[in-house]
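Note sheet for the following structure.
The values are calculated or read from the model by the stated rules, or taken from the named source; none is laboratory data. If you're wondering where the values come from, they're calculated on a predicted model, not measured in any experiment. Here the Cβ is made from the backbone with ideal geometry for all residues, glycine too, and neighbour counts use every protein chain on show. Just so you know, the surface numbers come from the protein's heavy atoms only, side chains and all, with ligands and any DNA or RNA stripped out. Shrake-Rupley method; radii C 1.70, N 1.55, O 1.52, S 1.80 Å.
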Amino acid sequence: MNASKILEQLMQQAGGQSGSGSSGQGGSGLDIKGMLDGLSRQLGGGEARSGQGGGSGFDVKSLLGGGALGMLVGSKRGRKLGGKALKYGAIAGVGMLAWKAWQNSRGGAGGQQGESPAEGEPVERLAGQAREQRSLELLQAMIMAARADGHIDDQERELIAGQIDALGADRELHAWVERQLQAPLDAEALAAQVDSPQAAREMYLISVAVVDEQNAMERAWLDQLGRALALPGEVTAELEYQAREAG
């Protein structure tokens, strides 16, 4: 699979949105507007408009520049890309921010990256198979968080898979994404994959970046995941703070 490539492009998209808020191309260089024009036509809405595309419930204006990220957060639930509900910066710098959150939760006594081997390394510093595995875990966490309110239907599943394909997913990853979009939500099984405290913090942080904490079902998913990952309360609180501050 090529999960690390897809996660890197999602992080680049997020970085572009948190910085410039461009409504044209995301940080990945994809023609997001062009893809969304096609998406709008497929949904029966004609050309993409600044309001909603057809009767699908998708807010095309909100999706511009968001690409796969826009699909993952399910804009028909009223999210505004670039707004407070979607924390782009937390996705763009997930590993470094998760490390910073851990340091802050210890009063700044966490040490530098690489100086605490038992903690694990941020995803940005991993290479090879280790990075591929961590990327897969984080992609799975994003998909599960996006599904936490139970509102992703068959059409949206197809569109999410299509957007991830547009980022260059290979056949194996495409099949994996489709399985994740159908699989039962299981915080314990998701958490069982992490191999270090740093991996656990990243998994929680990227989930925070996707969910709407004001939604009771999504808040419940975060709480379940935090317990499954055995993250202390002060760490989850700091991770949520970092996500909000990253914007």
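Is it true that some residue in the stretch 115-134 is in contact with a helix residue (DSSP H, G or I) (Cβ under 8 Å, 6 or more places away or on another chain), assigned to a loop (DSSP other than H, G, I, E, B), modelled with pLDDT under 80 and open to solvent by less than 50 Å² (accessible area, probe 1.4 Å)? Looking for residues that are in contact with a helix residue (DSSP H, G or I) (Cβ under 8 Å, 6 or more places away or on another chain), assigned to a loop (DSSP other than H, G, I, E, B), modelled with pLDDT under 80 and open to solvent by less than 50 Å² (accessible area, probe 1.4 Å), one finds none in the stretch 115-134, hence no. The helices (runs of 4 or more DSSP H) found wholly in the stretch 138-247 and carrying at least 3 residues that are over 21 Å from residue 11 (Cβ atoms) and charged (D, E, K, R) occupy 154-166, 171-182, 216-228.
For the stretch 92-108, how many residues are open to solvent by 10 Å² or more (accessible area, probe 1.4 Å) and either touching a residue at least 12 places away in the same chain (Cβ under 8 Å) or not in a helix (DSSP H, G or I) (or both)? The qualifying residues number 11. Comparison of 216, 209 shows that the only residue that is modelled with pLDDT under 95, open to solvent by 40 Å² or more (accessible area, probe 1.4 Å) and of a type in the set (A, V, I, L, M, F, W, C) is 216.
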